[in-house]
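The values are calculated or read from the model by the stated rules, or taken from the named source; none is laboratory data. In this text the structure is predicted, and so the values were computed from the model without any measurement. Here the Cβ is made from the backbone with ideal geometry for all residues, glycine too, and neighbour counts use every protein chain on show.
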Amino acid sequence: MSMMITQIEGWKLKAEYDGFTVISGQATRDSDYEGFSPGKLMVAGLGMCTGMHAVTYLTKHGIEYSDLELELTTEGAGNPARYAVFNMGISVKADLNEEHYKGLAEECNRCFVGNTMTHQPEIKIDIKTV
């Protein structure tokens, strides 16, 4: 995968991939954010990925459901600044037995984003001047 990030103005950036665009940041330190901050985009990615896995489990097992919601809260840490804890609550209107609770949790833990975050990826930075 190759994604392009470009500066629009000040601290406002644009991410482009496969014909889609996401804008995040602010033109000046005093202006309002446009879109989610990068950290909030990361939390949204985790929640949306986990939600997709929940849908996968429920659909695969033919479980009738509605009102699927995920609520994420975070706990921050410093030095370096980061989220240290992600608390995720999943609620769904469905008739689940104990086996389904266990299976749903296992499927939700297969989330690509969550797996990437919990297995500390290597980040390589190569700076070039143009």
Notebook entry, point to check: Does the stretch 109-128 contain any residue that is farther than 28 Å from residue 75 by Cα and charged (D, E, K, R)?
Noted result: yes
Margin query: Restricting to the stretch 45-69, name every residue that is touching a Gly at 6+ places or on another chain (Cβ under 9 Å), hydrophobic (A, V, I, L, M, F, W, C) and surrounded by fewer than 17 Cβ atoms within 10 Å (Cβ to Cβ).
Written below: 68
Notebook entry, point to check: In the stretch 41-79, which residues are among the charged types (D, E, K, R) and in contact with a Phe, Trp or Tyr (Cβ under 9 Å, 6 or more places away or on another chain)?
Noted result: 75
Note to self: Based on this model, can you work out whether residue 82 counts as out of contact with any Lys or Arg (no Cβ under 8 Å at 6 or more places or on another chain), outside the structural domain of residue 110 (by TED's automatic domain parsing) and over 19 Å from residue 112 (Cβ atoms)?
What the structure shows: no
Check: Within the stretch 76-98, is there a residue that is part of a helix (DSSP H, G or I) and free of Cβ contacts under 8 Å to residues at least 60 places away in the same chain?
Finding: yes
